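Q: Could you have a look at this structure, given as structure tokens, before my questions?
The values are calculated or read from the model by the stated rules, or taken from the named source; none is laboratory data. Computed from a predicted structure; not experimentally measured. Glycine gets a Cβ as well: all are built from the backbone with ideal geometry, and neighbour counts include every protein chain shown. For accessibility, only protein heavy atoms count, side chains too; no ligands or nucleic acids. Shrake-Rupley method; radii C 1.70, N 1.55, O 1.52, S 1.80 Å.
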Amino acid sequence: MCGIVGFIGKRQASPLLLDGLQRLEYRGYDSAGLATLVDGNIETRRAEGKLYKLAERLVEQPLPGTVGIGHTRWATHGKPTEANAHPHATDLVAVVHNGIIENYRELRSELEKEGCVFASETDTESIAHLISVYLRRGLTPQQATEAALKRLDGAFAIGVIFKGHGDLLIGARRGSPLALGYGEGEMYIGSDALALAPLTNRIAYLEEGDWAELYADKIIVHDADGKTVERKIHITALSGAMIGKGQYRHFMLKEIFEQPAVIGDTLSTMVTPNGELTLPLLPFDWKKVSRLTIIACGTASYAGLVAKYWFEQLARLPVELDIASEFRYREAPMPEGGVTIAVSQSGETADTLAALHYAKAQGQKILSVVNVPQSSIARASDIAVPTLAGPEIGVASTKAFTTQLAVLLCLAIAAAEARGALSPVRAKEILQALRELPALINQVLRDEHYFQELAQNISDARDVLYLGRGLLYPLAMEGALKLKEISYIHAEGYPAGEMKHGPIALIDDALPVVFLAPSDALFEKTASNIQEVIARGGKVILISDKKGVASIGAKTWKSIAMPEADPAVLPLLYAVPVQLLAYYTAIAKGTDVDQPRNLAKSVTVE
Ligand code: AGP
């Protein structure tokens, strides 16, 4: 998604804005730009492609000024060209925008009739012209911005600077997040706290419909009705070190290796040292919950699918899981006394937020599992249970996924115990297995070279099939997503039992088939599937444990023995091999691991 930064103070804005944009690169983008006031006049510098091109432009044509805005653009309307890059400016204003203005065509034709000349294909440029028209009618920058915001339909976070107003920067949000940063004699806006981490740890978040006037020494926030309001200032724990790569080549690898620690950190907030659950007080009684609905997108939805198995098997609680972008439109009837769990790393995914609002409107209690405690999804929930994964910069979600699983399993155990569906002995066993996981994951990470070698064998494949049963079926889906999103190799995840209902037609000696098959209760069933693939010349990669590899590994093309663990916690353990396999395949392919093409870290538009 697009990234926004803004600065007002006494220092030169450009270098600070460029650094802020670099911290937003992980969101994914295809062009970038800055705008400042130079002797009171708007000046912009924009470039297609990566930020270094903008940096080169700034060396060629320096951009002075102490108030400015910056943007990394993930193209929605109009190709990723310099002309479509933000900021979009008239002679009176410059604007950066994250979101989609749904009525921009109507606004554009109205503005063209007023004599406005458009230079881009973007929806954003309409905002710049609209504010300018109001300014020409004699409104102040604040009045002009407020009037323009009222005309916009859709989602936006925007930053605006004004000709002749070197003391003012305006930010506004509706549907896309915008953070306010409080400095000493300087103030900032940013799409998230990460962008502002080197500048300040004092962060507030605009609420829906808010807009803010930033001056070097103060910020005035107005709500949707124009009333002046206070938004709580949070002290973030983010630091430059937390968002550096350290000794790792990529953020994704660093975050894969952080999993033992962050799973441990997350569990420490939910399980006491003597193995008792200590969950936050929930605004509902698990005994009275008639049905659970889980909504999420992408990797988070696969965490939700694992949780479906856990809640149904352990707590005997019916669960409906749906992809948020489908759920938000299918008008699902929802039961009295239902609870909805929204799972999201960023807490800003537009489809998940919209699905949450649908469920809320249907009278559901909302629990969210998020990695950003002050995110929009967290703030829209009745209760937000945080994952303590720390900032996840790699576009491919890894440590957020496994910490989501840790939280969801603890919630499932709590529900099971409250509903009398799980013996205290079994509950303790699972919690103990969870607490032992970080050590087991470290074992797998120590053997990362196996996955490096394995990746060499699949990096030339055109397609790869991932198969698993039961709790490992969602991991097959996740493994396929990891591979395709960073190596660009087509991959599909499927329930192993479904192979005979279609995918078996794909089997030939060019198709690697990855089986996630621990020697659990379903192993023999999956072993038959493995035999069926081998019988047709398929190249089976078996990821199992010692017992499983001993039983059938000799017949497979490649096999890797994972440590043994309680069946309930295997999804967290088996996430690591599929992450490493995807990572090293992407390395072999030479793709941009941390910022894969076309992808954004947080999809804040539909
Ligand atoms: C996962 O690797 C992808 N980056 C993507 O599927 C992601 O999980 C999805 O967009 C959901 O994001 P969220 O967890 O921030 O809501």
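Q: Could you work out how far the C-alpha centroid of region 545-572 sits from that of region 308-373, in angstrom?
A: 33
Q: Shifting gears a bit: What ranking of D123, D382, D509 comes out by heavy-atom accessible area, probe 1.4 Å, highest first?
A: Greatest to least solvent exposure: D509, D382, D123.
Q: With a point put 7 Å past each Cα toward its Cβ, work out how far A505 is from E112 in nm, to one decimal.
A: 4.7
Q: Students sometimes get this wrong: rank K399, K232, K218 by accessible area, probe 1.4 Å, all chains present, largest first.
A: K232, K218, K399
Q: Can you give me the accessible area per residue for the chain, using a 1.4 Å probe, in Å²?
A: Dividing the accessible area of the chain by its residue count gives 37 Å².
Q: Would you give the gap between the C-alpha center of region 178-239 and the C-alpha center of region 259-304, rounded to a whole Å?
A: The two parts, judged by their Cα centres, are 30 Å apart.
Q: What base-10 log of the normalised intensity I(q)/I(0) is obtained for the chain from the Debye formula, alpha carbons as equal point scatterers, at q = 0.07, 0.08 Å⁻¹?
A: These q points yield log10 I(q)/I(0) values of -0.45, -0.59.
Q: Using the Cα centre of region 17-94 as origin and beta-carbon charges of +1 (Lys, Arg) and -1 (Asp, Glu), tell me which of L21, P62, A94 is placed farthest towards the positive end of the dipole.
A: L21
Q: Over region 25-94, what lengths in whole Å, largest first, do the semi-axes of the equivalent ellipsoid take, defined as the square roots of 5 times the eigenvalues of the alpha-carbon gyration tensor?
A: Semi-axis lengths for region 25-94 are 20, 14, 10 Å.
Q: Region 346-406: Rg/Rh from Cα coordinates, Kirkwood Rh?
A: 0.98
Q: Give me the count of lysine pairs in region 199-308 whose alpha carbons sit under 20 angstrom apart, restricted to pairs 8 or more positions apart or on different chains.
A: So the count of such lysine pairs works out to 5.
Q: Still on this structure, please answer the following. I need the shape label for region 98-237. Rule: rounded when a/c is under 1.5, else prolate if a/b > b/c, else oblate, with a, b, c from the alpha carbon gyration tensor.
A: Judged from the Cα gyration tensor, region 98-237 comes out prolate (a/c at least 1.5, a/b above b/c).
Q: Sticking with this structure for a sec: Residue by residue through region 568-585, which ³J(HN,Hα) values in whole Hz follow from phi under the Karplus form 6.51 cos²θ - 1.76 cosθ + 1.60 (θ = phi - 60°), with glycine and proline marked x?
A: Going residue by residue, I get 5, 9, 4, x, 5, 5, 7, 5, 5, x, 5, 5, 5, 5, 5, 4, 6, 5 Hz, with x marking Gly and Pro.
Q: Which value in nm describes the separation of the simple spin-label points at H234 and D167, placed 7 Å from the Cα toward the beta carbon?
A: For the pair H234/D167, the computed spacing is 3.2 nm.
Q: Of all alpha-carbon pairs in region 389-474, indicate the percentage at a distance above 21 angstrom.
A: 53
Q: Pick out, from Q432, L169, L367, the residue whose Cα sits farthest towards the positive end of the charge dipole of the chain, with +1 on the Cβ of Lys and Arg and -1 on the Cβ of Asp and Glu.
A: Going by the charge dipole, the pick is Q432.
Q: Moving on to the next point. Of the DSSP beta bridges with both residues in the chain, give the percent that are antiparallel, rounding to the nearest 5.
A: 60
Q: Treat region 222-319 as a sphere of radius equal to its Kirkwood radius over Cα pairs and apply Stokes-Einstein at 20 °C in a medium of 1.002 mPa s; give the translational diffusion coefficient in µm²/s, rounded to a whole number.
A: 118
Q: Apply 1/(1 + (r/R0)^6) to the Cβ-Cβ distance of T591 and E564, taking R0 = 35 Å, and write down the FRET efficiency to the nearest 0.05.
A: Computed FRET efficiency for T591 and E564: 0.55.
Q: Shape call for region 443-536 from the C-alpha gyration tensor, a ≥ b ≥ c root eigenvalues: rounded (a/c under 1.5), prolate (a/b greater than b/c) or oblate?
A: oblate
Q: Under 30 Å Cα to Cα from K79, which lysines show up? Leave out anything in the same chain fewer than 8 places away.
A: K50, K53, K113, K150, K163, K482, K484, K589, K601
Q: Compute, for region 32-136, the length of the dipole vector about the Cα centre, with Cβ point charges of +1 (Lys, Arg) and -1 (Asp, Glu) only. Units Debye, rounded to 20.
A: The dipole magnitude comes to about 260 debye.
Q: If each of R137 and H357 carries a label point 7 Å out from its Cα toward its Cβ, how far apart are those two points in nm?
A: Modelled inter-label distance: 2.6 nm.
Q: Any chance you could run the full-extension gain for S423 through N442? It's 0.36 nm times the residue separation minus the Cα-Cα distance, nm to one decimal.
A: Extra length available between S423 and N442 comes to 3.9 nm.
Q: Given a 1.4 angstrom probe, I'd like the percentage of the accessible area of the chain that is carbon and sulfur, rounded to a whole number.
A: Roughly 51 percent, rounded to a whole number.
Q: From the mean inverse distance of alpha carbon pairs (Kirkwood) and the Cα radius of gyration, derive Rg over Rh for region 306-411.
A: 0.95
Q: I've got another one for you. Could you work out [θ]222 nm for the chain from helices alone, using -39500 (n - 2.57) per DSSP H run of at least four and dividing by all its residues? Round to the nearest 500 deg cm²/dmol.
A: -11500 deg cm²/dmol
Q: For region 1-145, what is the convex hull volume of the alpha-carbon atoms per residue, in Å³?
A: 104
Q: Could you compute Rg(Cα) / (2.2 N^0.38 Å) for region 168-262, with N its residue count?
A: 1.28
Q: Give me the distance between the Cα centres of region 424-482 and region 12-89, rounded to whole Å.
A: 40
Q: So if I place +1 on the C-beta of Lys and Arg and -1 on the C-beta of Asp and Glu, and nothing else carries charge, what would the dipole magnitude of region 295-404 be about its Cα centre? I want it in debye, nearest 20.
A: Roughly 180 debye for region 295-404.
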